[in-house]
């Protein structure tokens with residue numbers, strides 16, 4: 001098996017709860033750095049990288065083995081970096097292929113408004129708001145890739161262009177400060193926590 005060198009770390013993962021802006025961000029970032037853009041949700045459907053359908057949630061049950069195989073083939077076929085847009089960062093690609101993981105975050109109150117404007121069902125809005133409050137995507141990414149490769153970007157009030165400029169600067173120069181996001185404390189200060197925990 002070929003051992004990947006540091007220069008072979010070409011995969012950049014963009015993850016986050018639905019509504020945090022990851023698709024717009026990932027597309028712009030890929031364009032900015034000359035990377036191939038891979039929308040994983042569309043790839044799962046197009047290339048049948050799932051095992052079954054979850055009718056209750058209206059989603060596909062992803063086959064991680066098929067996803068990994070597909071991404072491995074894509075990496076071997078290109079010399080460009082690839083930007084992977086996904087809400088399932090855990091284990092989709094080997095650690096030694098990943099350069100950085102950008103986890104997009106959004107204040108749960110703002111996220112709730114964004115998802116409601118998209119006409120999502122209230123149960124799905126609530127499920128995703130709670131996932132953001134409990135750092136679900138962050139925890140999954142951290143478990144697989146560790147703090148060294150993780151960057152959180154708070155999209156609550158930052159424009160996509162500013163987020164992309166920040167990410168590009170980090171990719172070019174490697175200088176970043178650790179962002180601490182604690183939505184439970186934030187919501188507690190705003191007296192909004194109880195409403196979400198009912």
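Odds and ends about this structure:
- Simple spin-label estimate for residue 127 and residue 154 gives 2.8 nm between the two label positions (7 Å along the Cα-to-Cβ direction from each Cα).
- DSSP finds beta bridges in segment 7-197, and of those with both partners inside it, around 15 percent are antiparallel.
- 0 to 90° range, to nearest 10: angle between helix 122-133 axis and the chain longest Cα axis: 70 degrees
- Within a Gaussian network of the chain (alpha carbon springs, distance under 10 Å), most fluctuating of 82, 110, 92: 110
- When each of the peptides 95-106, 14-25 is scored by the mean number of other C-beta atoms lying within 10 Å of its residues, the order from highest to lowest reads 14-25, 95-106.
- Top of 60, 27, 180 by mean-square fluctuation, Gaussian network on the chain, Cα under 10 Å: 180
- Residues considered: 127, 112, 56. Largest GNM mean-square fluctuation over the chain, using C-alpha springs under 10 Å, is found at 56.
- Here, P(r) means the percent of Cα pairs in each 10 Å bin from 0 to the largest distance; for segment 7-197 it is 9, 36, 37, 17, 2, 0.
- Residue 90 versus residue 180: modelled label distance in nm, points set 7 Å from Cα along the beta carbon direction: 2.6 nm
- The orientation-averaged projection of the convex hull spanning the C-alpha atoms of segment 33-107 amounts to 6.3 square nanometres.
- Per-residue [θ]222 nm for the chain (sum of -39500 (n - 2.57) over DSSP H runs n ≥ 4, rounded to 500): -13500 deg cm²/dmol
Each reported figure results from applying straightforward, stated rules to the coordinates on display, with no laboratory input. Not measured: the values here are computed from a predicted model. Glycine gets a Cβ as well: all are built from the backbone with ideal geometry, and neighbour counts include every protein chain shown.
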